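These notes concern the structure reproduced below.
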Amino acid sequence: MRAVAVALAFSWLALPLQAEHLPFKYLSSLDARWGAAEIVCTATVSAVIPTGALPIIEGATVREYLVSADVDRVFKGNWAEQKITFRWLGMYVPDGIVSYIGPPTGDFQSNTRYLLFLGNEAAPEVVTPVFQTAIRLTLSGTASEYMHVIAPGASTDNSALAAEMVAAIYAEPSTQRDSAEYFGHIGELLGGTVAAHTFETFYIDGDPTLRVVAAKMASQWSHHDPVIDKHALRVLLGVAADSSAPEFSRSEASLYLAEMHVQKARPYAEAIVLEARDSSAREFALRALVRLGTRSSEAALEHALNDPVLTNQFLAAYALQRIECRTSLDENMFRRDSQEVIATWESHASDPATKPPCKTFGR
């Protein structure tokens, strides 16, 4: 999900999550997009032209565009021409700006190559308006450089598309590397241990962010293969322990290890809580300590009681209560009485011989 600034009274924003039919249904997986499409192809967009039409679909006004593209490979359907023009319906923004948080929206750019999912083969159009289905790729021919990293076991077409996703991961801008979306597409294309072994090829990359995502995805697709999981844990622990790695990569590795109940991650999470400048990194590390924290973690947690971010203060108090009291702390209650909760835990920290403040606050 991503935030987009738009101006529209989107009364239909709930529809994509509820409707069982197109057009306003967000297709989050590659498999769902493939199933809805009559044409699946890779193509480079040459022009995006607004027609000026403002059709109304399910009560929502949308803006119509015609997108022209040069096709280089067809994976589904009978399209035989090198060029294709398809209809795209984008968001209509009459005036003003409001905040919209929802499924990612479509955005076609000229001179950009995509994996397209189109319906209505006689008069092609995107399978759903507004919401994103196309997957951005690199230049045609780039993927061939990465075919060697695709583990054997998948069909020719799926292996070729997986190589496209690998090429996209390695492409500039490097910010693409911190997204798991391409890895998820590779998982859908290759499946199971074939995907997991493909993800393992990223372990030698110099980018720790990329190694963390690859290791997480390998573990998720391994079907509990002990060898794959062991390799993934080694990579994640290596990043978590690397003080030169980006703070968020270290904290993300620590959190995922905590979710897997790997106690070796605990001291790394404690160090991130104490040292990280990035509040999101501290948050992930605190979430790890909620799962893994012991009494040896209390110095870091007591330090985090004074974190400038309220969420992090809550996570620190929550972890302390779990460790000392074996009970949970209600977030709404904490927000009402945060100063009292923090003060009582700080008082206990100054005199550990006293009884921990395990009472329920605000009642």
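Kindly provide the set of residues from the stretch 245-267 that are in a helix (DSSP H, G or I), surrounded by fewer than 17 Cβ atoms within 10 Å (Cβ to Cβ) and not polar (S, T, N, Q), ordered by number.
Our first condition is that a residue be in a helix (DSSP H, G or I); within the stretch 245-267, this holds for 247-259, 263-267.
Those left that are additionally surrounded by fewer than 17 Cβ atoms within 10 Å (Cβ to Cβ): 259, 263-264, 267.
Across the stretch 245-267, the qualifying residues are Glu259, Lys264, Pro267.
Only one of these is at pLDDT 95 or above, on the phi < 0 side of the Ramachandran plot and assigned by TED's automatic domain parsing to the domain that holds His261: Thr193, Thr175, Thr198, Thr209. Name it. Give the steps one after another, and end with the answer.
On the way: Thr193 fails: at pLDDT 95 or above; Thr175 fails: at pLDDT 95 or above; Thr209 fails: at pLDDT 95 or above.
The unique qualifying residue is Thr198.
Out of curiosity, is Leu305 in contact with a helix residue (DSSP H, G or I) (Cβ under 7 Å, 6 or more places away or on another chain) and crowded, with 21+ Cβ neighbours inside 10 Å? Explain how you work it out, then say what you get.
Values: in contact with a helix residue (DSSP H, G or I) (Cβ under 7 Å, 6 or more places away or on another chain): yes; crowded, with 21+ Cβ neighbours inside 10 Å: no.
Taking the combined requirement at face value, the residue does not satisfy it.
Can you tell which of Val290, Val273 is β-branched (Val, Ile, Thr), touching a Phe, Trp or Tyr at 6+ places or on another chain (Cβ under 7 Å) and modelled with pLDDT of 95 or more? Talk me through it step by step, then tell me what you get.
Values: Val273 fails: touching a Phe, Trp or Tyr at 6+ places or on another chain (Cβ under 7 Å).
Result of the check over Val290, Val273: Val290.
Can you list the helices (runs of 4 or more DSSP H) found entirely within the stretch 280-363 that contain at least 2 residues being in the same structural domain as Tyr256 (by TED's automatic domain parsing) and touching a residue at least 40 places away in the same chain (Cβ under 8 Å)? If you could, list the steps in order and put the result at the bottom.
Details: elements: 298-304, 310-325, 331-336, 338-350.
The helices (runs of 4 or more DSSP H) meeting that bar are 298-304, 338-350.
Cβ-Cβ under 6 Å, sequence separation 6+ or interchain: first residue in the stretch 143-171 and part of a loop (DSSP other than H, G, I, E, B), partner not β-branched (Val, Ile, Thr). Which pairs?
Ile150/Ser159; Ile150/Ala162; Ile150/Ala163; Ala151/His197; Ala154/Leu190
List pairs: first residue in the stretch 33-44 and farther than 18 Å from Pro129 by Cα and in contact (Cβ under 8 Å) with a residue 60 or more places away in the chain, second residue part of a helix (DSSP H, G or I) and of a type in the set (Asp, Glu) anywhere in the structure, Cβ distance under 9 angstrom, at least six positions apart or on different chains.
Once the first residue is farther than 18 Å from Pro129 by Cα and in contact (Cβ under 8 Å) with a residue 60 or more places away in the chain and sits in the stretch 33-44, its partners that are part of a helix (DSSP H, G or I) and of a type in the set (Asp, Glu) give Thr42/Glu164.
Within 22 Å of Val262 (Cα to Cα) and more than 26 Å from the chain's Cα centre (by Cα): which single residue out of Leu320, Leu289 fits that description? Quick ask: steps written out before the conclusion?
Details: Leu289 fails: more than 26 Å from the chain's Cα centre (by Cα).
Leu320 is the lone residue from the list that is within 22 Å of Val262 (Cα to Cα) and more than 26 Å from the chain's Cα centre (by Cα).
Looking at Val127, Val194, Val93, which one is touching a Phe, Trp or Tyr at 6+ places or on another chain (Cβ under 6 Å) and not charged (D, E, K, R)?
Values: Val194 fails: touching a Phe, Trp or Tyr at 6+ places or on another chain (Cβ under 6 Å); Val93 fails: touching a Phe, Trp or Tyr at 6+ places or on another chain (Cβ under 6 Å).
Among Val127, Val194, Val93, only Val127 is touching a Phe, Trp or Tyr at 6+ places or on another chain (Cβ under 6 Å) and not charged (D, E, K, R).
Tally up the residues in the stretch 203-231 that are touching a residue at least 24 places away in the same chain (Cβ under 8 Å) and either within 18 Å of Glu188 (Cβ to Cβ) or in a helix (DSSP H, G or I) (or both), please.
Going residue by residue through the stretch 203-231, those that are touching a residue at least 24 places away in the same chain (Cβ under 8 Å) are 203, 207-217, 219-223, 225, 228, 231.
If we keep only those that are either within 18 Å of Glu188 (Cβ to Cβ) or in a helix (DSSP H, G or I) (or both) as well, we get 203, 208-217, 219-223, 228, 231.
The total comes to 18.
Here is a list: Ala168, Ala215. Which entry is touching a Leu at 6+ places or on another chain (Cβ under 8 Å), outside the structural domain of Gly77 (by TED's automatic domain parsing) and either closer than 23 Å to Pro104 by Cβ or surrounded by fewer than 17 Cβ atoms within 10 Å (Cβ to Cβ) (or both)?
Numbers: Ala215 fails: either closer than 23 Å to Pro104 by Cβ or surrounded by fewer than 17 Cβ atoms within 10 Å (Cβ to Cβ) (or both).
Answer to the selection: Ala168.
Restricting the search to the stretch 126-156, which residues are more than 17 Å from Leu190 (Cβ to Cβ) and surrounded by fewer than 18 Cβ atoms within 10 Å (Cβ to Cβ)?
Arg136, Leu139, Ser140, Gly141, Thr142, Ser144, Glu145 - these are the residues of the stretch 126-156 that are more than 17 Å from Leu190 (Cβ to Cβ) and surrounded by fewer than 18 Cβ atoms within 10 Å (Cβ to Cβ).
Could you check Asp278 against (1) touching an Asp or Glu at 6+ places or on another chain (Cβ under 7 Å); (2) surrounded by 24 or more Cβ atoms within 10 Å (Cβ to Cβ); (3) more than 30 Å from Val149 (Cβ to Cβ) and say which number it fails?
Single failed check for Asp278: (2).
Ala162: of a type in the set (Gly, Ala, Ser), surrounded by 21 or more Cβ atoms within 10 Å (Cβ to Cβ) and at pLDDT below 95, yes or no?
Values: of a type in the set (Gly, Ala, Ser): yes; surrounded by 21 or more Cβ atoms within 10 Å (Cβ to Cβ): yes; at pLDDT below 95: no.
Spelling it out, it is not the case that Ala162 is of a type in the set (Gly, Ala, Ser), surrounded by 21 or more Cβ atoms within 10 Å (Cβ to Cβ) and at pLDDT below 95.
The values are calculated or read from the model by the stated rules, or taken from the named source; none is laboratory data. Every value quoted in this text rests on a predicted model; they were computed, and no experiment measured them. Heads up, the Cβs are rebuilt from the backbone with ideal geometry, glycines too, and the neighbour counts pull from every protein chain shown.
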